[in-house]
1. Could you work out the Rg to Rh ratio of chain A, with Rh taken as the Kirkwood radius (inverse of the mean 1/r over all Cα pairs)?
2. Given C-alpha coordinates of segment A:281-436, what is the ratio Rg to Rh with the Kirkwood estimate of Rh?
3. Can you give the log10 of the normalised intensity I(q)/I(0) at q = 0.18 Å⁻¹, computed with Debye over equal Cα scatterers of segment A:400-497?
4. For A:ALA27, what charge total do you get from the other residues with a beta carbon under 14 Å from its beta carbon, if Lys and Arg give +1 and Asp and Glu give -1?
5. Long-range amide H contacts for A:ILE417: which residues qualify at under 5 Å (H placed 1.01 Å from N, peptide plane, sequence gap of 5 or more or a different chain)?
6. Cut-off is 10 Å between beta-carbons; in what order do A:ARG93, A:ARG357 appear when sorted fewest neighbours first?
7. Just to be sure I understand: of the beta bridges DSSP finds with both ends in segment A:1-138, what percent are antiparallel, rounded to 5?
8. Taking 0.36 nm per intervening residue step and subtracting the Cα-Cα distance, what contour gain separates A:GLU150 from A:ASP375 on full extension?
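Taken together, the values in this text are just the output of simple stated rules run on the coordinates, not laboratory data. As the structure is a prediction and not an experimental result, all values here were calculated from the model. With ideal geometry, Cβ positions are generated from the backbone for all residues, glycine too; neighbour counts draw on all protein chains shown.
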Amino acid sequence: MKKYEKYPLYINNSLHRKKEKFEPLKAPHVGMYVCGPTVYNDVHLGNCRTFVSFDVMYRYLMHLGYQVRYIRNITDVGHLMDTGEDKMAERARLEQLEPMEIAQKYTRRFHHIMSLMNTLPPSIEPAASGHIPEQIQMVQAILDNGLAYEVNGSVYFDTKKYNEESGNYGQLSGRVLEELFSETRTLKNQDEKRDPADFAIWMKATDGHIMKWRSPWSKGFPGWHLECSAMSTKYLGKTFDIHGGGADLKFPHHENEIAQNVGACKVAPANYWIHTNMLLMNGKKMSKSDGNTITPEELMDGNNEHVSQGYDPMTIRFFFLQAHYSSTLDLSDHALQAASKGYQRLMNALKIAKNLRPEDYPAQGDAELDDKIQDQHDRCYLEMSNDFNTAKTLAVLFEMAGVLNDIDSGQIKTKQISSEAIKMLTNTFTVFLEDVLGLEKVQESSSKLDDVMQILLEIRQTARAEKNWALSDQVRDQLAEAGIKIKDSKEGTSYSL
RNA sequence: GGUCGCGUGGCCGAGUGGCUAGGCAGAGGUCUGCAAAACCUUGUACGGCGGUUCGAAUCCGCCCGCGACCUCCA
């Protein structure tokens, strides 16, 4: 019996605004598409939260026994500014680089950050610029189906006609087409559209535009929403299981994506839509465009006015997972400090778990304790299978940490706990912490500093043995002044920066 | 203005009809040469006013406050 049969997964499907049992099209295969970053500058922490959320879903799906194809795109074309200039092109102009250099540069930096945050790479990470033919084909298919029209080399999606035929425009975002553009904003190229709700799927490039490709309609570039439609269809098929992204993409991006897919392929793209909520700072959404942001580097270095110190990437990941992905989360220095302590507590317990040997324990233990551990094991699965409730799962892991500490301190005696229970406890704790939630022990620094510290700590240890408190305290205090804290414990003395 | 969501103890944050969320901080304790760290124990809560119910933080209504989206956004 597969784990996913034993612990059926329930997902809050934003398409229907309710929690539904997850039934993949072709179990054990699962196709998941997540909207990735636009690589015209560095990702900010809000982006990271989204990708960490989907990383945990990806990990848990795999842990349940599904074979997941996880697609996360890189947007490197077609995203326009209010001025009409492409975001990539604008950045290229500012940095005096080629647009593709910009894309490469920020893609590489994005990968670096994602790796620090311990997210697994997706199965395929397609770039929009590498899928122009597929996008042109899709424009053609929509035209062939009579749901788009060409004006002066640009092609627009006929939203009104689409809605008349399918009646579904606005289903995802809960919008009514007639009311949608009652208050019109002045936007570029509005004059070419038949209806304000129409949107470009192919745009003719203006003279100065650098990123452009040949198409049956003009030398131009695809509309922003089109890449996800084309690439999800190419790699996951016309209909697939899960489509995810930040809540701010619901409208218009995802709504238009659905319209394009249905318009081209006559079927809805994804059965389950998952939207992650926004990371806030000072109670306001973190957003690239209005400057209310903090980058992962700034947070890790502590080089930002909003934080008093740098935070380890794993602390940040833990901080994210303490809240449910569908809730807003307010970033603050205070909350991060709390997260740092809590995370450390789990890591201490992890160390204990890894040192326990089931063979040291008897075949029979205290039945009550065995039941407790069985219950904690079950709850880890039930909570994660309940719409990926990482907050609740962490709460169970903290309970398990308590048991591990009790074993370690002798509060729970060896004879009280069975070998099987120990196995289940350590295995569940380790697997959920590391494999499912992706939380790992902070890498110890392995520089010469370790050697130097070893020497200093030995000197201090000798002084202590000789009751030379003046010297031992001098070592401790002066190290503290240099920002190095030392911790005495039964196993010896360790240090941290 | 329209649509959607939120308001939980000092702070962060789960929970959705009766059963302890959890973390941090605070308090008490264990350990320790002292300290720190670590560990154990522990109090405090559901924005306001009504309603439904045997029973509501949880459902309904109104009010107050906050946020998101409404063609830049994860």
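1. Numbers: Rg = 26.9 Å, Rh = 25.5 Å.
Here the Rg-to-Rh quotient is 1.05.
2. Reported Rg/Rh, Kirkwood definition of Rh: 1.08.
3. The Debye formula, applied to the Cα set alone, gives -0.92.
4. Around A:ALA27, the surrounding residues sum to +3.
5. Under 5 Å from the amide H of A:ILE417 lie the amide H atoms of A:ASP366, each far enough along the sequence or on another chain.
6. Placing the least packed residue first, the sequence is A:ARG357, A:ARG93.
7. Details: 6 of 15 bridges.
Close to 40 percent.
8. So the chain would gain 74.8 nm between A:GLU150 and A:ASP375.
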